[in-house]
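Accompanying notes for the structure given below.
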Amino acid sequence: MFDQVVFAGGGNRCWWQAGFWDVVQPELKLRPRVITSISAGAATACMLYMNHSEWVMDYYAHVLRDNSKNAYWGNLLRSESVFPHTYRIYRQTLLDIYGAEFSALQDAP
């Protein structure tokens, strides 16, 4: 039916795509030949391809629970990270989630 799927980027706004996919994919038996994505949509696509959506969503809820803002402008004058999610949170999350299984993602559509 659908041989291609696109996951949009947009940070935490991408999580709806995971819920939608988890409900729709089994019903429609979607097996895309091509998956395209960008930014957080790419992380979502990888999570779904690896069938880890519930575990990853729990992981993100845990690591983001103490991060109340996307930008900490007061840190600019202290030479500290203004955008903690960019490196400290998301980079480490990608390593934790996909580090051991990265080779399996190389075979993904």
How many residues are at pLDDT 85 or above and either of a type in the set (Phe, Trp, Tyr) or within 16 Å of the chain's Cα centre (by Cα) (or both) when one looks only at the stretch 68-93? 2
Residues that are touching a residue at least 24 places away in the same chain (Cβ under 8 Å), in a helix (DSSP H, G or I), surrounded by fewer than 16 Cβ atoms within 10 Å (Cβ to Cβ) and under 13 Å from the mean Cα position of the chain (by Cα): does the stretch 94-103 have at least one? yes
Looking at the stretch 59-93, which of its residues are outside any loop (DSSP other than H, G, I, E, B) and open to solvent by 100 Å² or more (accessible area, probe 1.4 Å)? His62, Trp73, Leu76, Leu77, Arg78, Tyr87, Arg88, Arg91
Looking at (1) of a type outside the set (Ser, Thr, Tyr); (2) under 21 Å from Phe102 (Cα atoms); (3) at pLDDT below 90, which one does Arg65 not meet, given that it meets all the others? (2)
Selected residue (criterion: nearest to Gln17 (Cα to Cα)) from residues of the stretch 31-50 that are exposed (fewer than 15 other Cβ atoms within 10 Å of the Cβ) and out of contact with any helix residue (DSSP H, G or I) (no Cβ under 9 Å at 6 or more places or on another chain): Ile38
Scan the stretch 1-30 residue by residue and report those that are open to solvent by 30 Å² or more (accessible area, probe 1.4 Å) and assigned to a loop (DSSP other than H, G, I, E, B). Met1, Phe2, Asp3, Ala8, Gly9, Lys29
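The values are calculated or read from the model by the stated rules, or taken from the named source; none is laboratory data. Bear in mind that the values here come from a model prediction, so they are computed numbers and not experimental data. Glycine also receives a Cβ, built like all others from the backbone with ideal geometry; neighbour counts cover every protein chain displayed. Surface accessibility is based on the protein's heavy atoms, side chains included, excluding ligands, DNA and RNA. Shrake-Rupley method; radii C 1.70, N 1.55, O 1.52, S 1.80 Å.
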